[in-house]
1. Looking at region B:353-365 only, could you name the residues that are more than 9 Å from residue B:124 (Cα to Cα), crowded, with 21+ Cβ neighbours inside 10 Å and out of contact with any Lys or Arg (no Cβ under 6 Å at 6 or more places or on another chain)?
2. Would you pick out the residues in region A:311-325 that are free of Cβ contacts under 8 Å to residues at least 60 places away in the same chain and not in a loop (DSSP other than H, G, I, E, B)?
3. Here are some residues: A:148, A:164. Which one is within 14 Å of chain B (Cβ to nearest Cβ) and surrounded by fewer than 24 Cβ atoms within 10 Å (Cβ to Cβ)?
4. Which one is farthest from the other protein chains (Cβ to nearest Cβ) among residues in region A:216-237 that are surrounded by fewer than 24 Cβ atoms within 10 Å (Cβ to Cβ) and of a type in the set (A, V, I, L, M)?
5. Quick check: anything in region A:352-369 among the aliphatic types (A, V, I, L, M) and within 14 Å of another protein chain (Cβ to nearest Cβ)?
6. Does at least one position in region A:249-261 carry a residue that is crowded, with 22+ Cβ neighbours inside 10 Å, in contact with an Asp or Glu (Cβ under 6 Å, 6 or more places away or on another chain) and under 17 Å from residue B:62 (Cβ atoms)?
7. Looking only at region B:279-334, which residues are small (Gly, Ala, Ser) and crowded, with 18+ Cβ neighbours inside 10 Å?
8. Looking only at strands (runs of 3 or more DSSP E) that fall completely inside region B:117-228, which ones have 3 or more residues that are of a type in the set (A, V, I, L, M, F, W, C), closer than 28 Å to residue B:92 by Cβ and in contact (Cβ under 8 Å) with a residue 12 or more places away in the chain?
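The values are calculated or read from the model by the stated rules, or taken from the named source; none is laboratory data. Here the structure is a predicted model, which is why all the values come from computation and not from measurement. Cβ: placed from backbone, ideal geometry, glycine included. Neighbour counts: every protein chain shown.
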2 protein chains.
Amino acid sequence: MEYKFSKKLSELKPSAIREIFKSLTDPEIISFAAGNPSPESFPVEELSRISADIFARFSTAALQYSITEGYSPLREEIAKRQKAKFGIGTDGDATMVVSGGQQGIELACKAFCNEGDAVICENPSFIGALNSFRSNGARTVGVELEADGISIEGLEKALKDNPDAKLLYIIPTFQNPSGITTSLRKRRAVLELAKKYDIIILEDNPYGELRFKGEDVPTIKSMDTEGRVIYCSSFSKILSAGMRVGFVIANEKIIQKMAVAKQGEDVHTNIFFQMLCHRYMTECDLDAHISRINALYLRKCDLMLDSIDRYVPADKVTFTRPEGGLFIWGTVRDCTDVSPIVQKLIAKKVAVVPGATFNCDTSAPSSCFRLNYSTPSDEQIVEGIKRLGEVFAEL
Amino acid sequence: MEYKFSKKLSELKPSAIREIFKSLTDPEIISFAAGNPSPESFPVEELSRISADIFARFSTAALQYSITEGYSPLREEIAKRQKAKFGIGTDGDATMVVSGGQQGIELACKAFCNEGDAVICENPSFIGALNSFRSNGARTVGVELEADGISIEGLEKALKDNPDAKLLYIIPTFQNPSGITTSLRKRRAVLELAKKYDIIILEDNPYGELRFKGEDVPTIKSMDTEGRVIYCSSFSKILSAGMRVGFVIANEKIIQKMAVAKQGEDVHTNIFFQMLCHRYMTECDLDAHISRINALYLRKCDLMLDSIDRYVPADKVTFTRPEGGLFIWGTVRDCTDVSPIVQKLIAKKVAVVPGATFNCDTSAPSSCFRLNYSTPSDEQIVEGIKRLGEVFAEL
């Protein structure tokens, strides 16, 4: 039979990344297309030990229904850490556990956007968030992303042009896909503009703990005194992505609305793993663990950048040099559409993600592509970048 | 600051059940208000043993990002079991793992309903589903629930009156809150009406495995030859509610749309517990485990009904006598609003859920209340029903 799907979903396609992943079944392909943390970042031994103890002593609580806002001891630990490390949280704020940072983004959209309302985003931006907004019937409006963060002029124009914009979605630190970190000056300017045009900021910070060089730049949420910023993050990049545990910190009125929406989505987040996260945070040395992850990513990122310097013609393509996170962003000179190059890379058995995937305007081409260094092995990084260099040398 | 929440969420309140739960912090209260499975239904030892083995041998897969549709070996086991046990699944169907049955309900609404569209429901119905529809901007239209299931005349009238109805939500087996099972005749009639008015049926069957008396009635999905029925169920009542693992079986085109929406909500369901479910299904005796749960619930349900027969004046209140599931439904004679009685019960330290909680029209009163027998101890069941009888005797 013919199905009449909702307007918001009838035109939404599965993300292009998923399609690329299908081509990755070829075992000879070197993939720089993933967004996965390294499996070495999972503290398996500790999680296994704590898990056995939860089954032995707390199985009823760990396997029974729980409350929507999340396991209270975990919420408290999260609030404590985010306050200490990122200056986040005021008296009016509350913390909610969500099923991965993705759910925090989705719930924020549900809480504030009616169908047809706009969400202003950096362009390019995280495809998962863009599709989440679209699947709630919101329009995504892109603002150019510059080397030091979102264009402030572009943002003001977008705010003027879209009075129905309800959210400004921004990943200020080690942005996905670009790896760009927004400067302190621009963070302040973003908050000022949000006040001026009375819009809620949705600050997504999944990579903030993954700084392996340089100094932390204050989060926008840490400058927020009036409850204008919804802050999302997760344990995906520091403990386990597969367990789907993230969190949101925002004014308690916002958290209450998001909790009502979350109840309708999944009642609550897997409580066993919430307890596991709490026990890990209180019994193990999370900071030491994160330091080990960052040492690994520093080495892998440097290896990829060194290989780029060595093998890729600098007059044909430029790359961001991130101080953390998971991604490097390549921009091809004198190019409007990188697709044919991505196809040539696939023929050489190297997978990257074409920049158009991350565009707010899904029909717009891109001269950029995303590289990931956390997932491939050292040998794959060197060999893959060598092949990438060959493709550019032949252009 | 003042927040301008979305229309769909600005009027939605947290469920009344949550408010009742807050009054349950009093340890002297005997609660028949829960919807929880008995902790005795969690096979802790087996889950613990398999869990240790997953950490020891498959930790990378169990902690890394995974695919949205779910862990393939689990999807296959689910499809196999549902086909064998409930006659569910045709060549055109696909199975998707979701984060509890609740998410299946929510995704179905997102896939089919635009803001303002109607979802037709049994009245009363599961509050979690009603709030999920509302939080997606859909209107809930209630059709009277009779002793043998939804009123067929009422359903046809609702379909005629609401041409914008996109889904018919129905819990045909051991309905929540009423415990009522829809007769085979009415199931067939529902499917015929759905065809006549071209509406999608969302069949929710979280309690289908919990039959402790009588014979299974065929699922509506098992009669569906054209892909009109979306079937939702979960492991919450047979393995663990807290792990949040459910599933949807529907035409593959519907599953594709729901998967796109799920990707925007939580990327995928906790993969560790998906692997745990699969291993449990293939290595342990799930049927024997379910038989033990059902023997327990039969005893508890009978104990509650026997206590009712003994202590509650039959001329003042009648009760359903379910053959499975978790709930008994009381209807007070010559009563329009049960609220004052519920308050008297609270004063006697007995908690029940007032029927109005489950009404599609949130302002409508109810002469009914819900009792749960899976959570309280045997002593609590007898003592609580004795107190309930005292309250009715005093009326």
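1. Answer for region B:353-365, where residues must be more than 9 Å from residue B:124 (Cα to Cα), crowded, with 21+ Cβ neighbours inside 10 Å and out of contact with any Lys or Arg (no Cβ under 6 Å at 6 or more places or on another chain): just B:354.
2. A:318, A:319
3. Sole residue among the options that is within 14 Å of chain B (Cβ to nearest Cβ) and surrounded by fewer than 24 Cβ atoms within 10 Å (Cβ to Cβ): A:164.
4. Across region A:216-237, the extreme among qualifying residues is A:217.
5. no
6. No - not one qualifying residue is present in region A:249-261.
7. B:307, B:324, B:325, B:330
8. Once the strands (runs of 3 or more DSSP E) in region B:117-228 are filtered for at least 3 residues that are of a type in the set (A, V, I, L, M, F, W, C), closer than 28 Å to residue B:92 by Cβ and in contact (Cβ under 8 Å) with a residue 12 or more places away in the chain, what remains is B:118-123, B:165-170, B:200-204.
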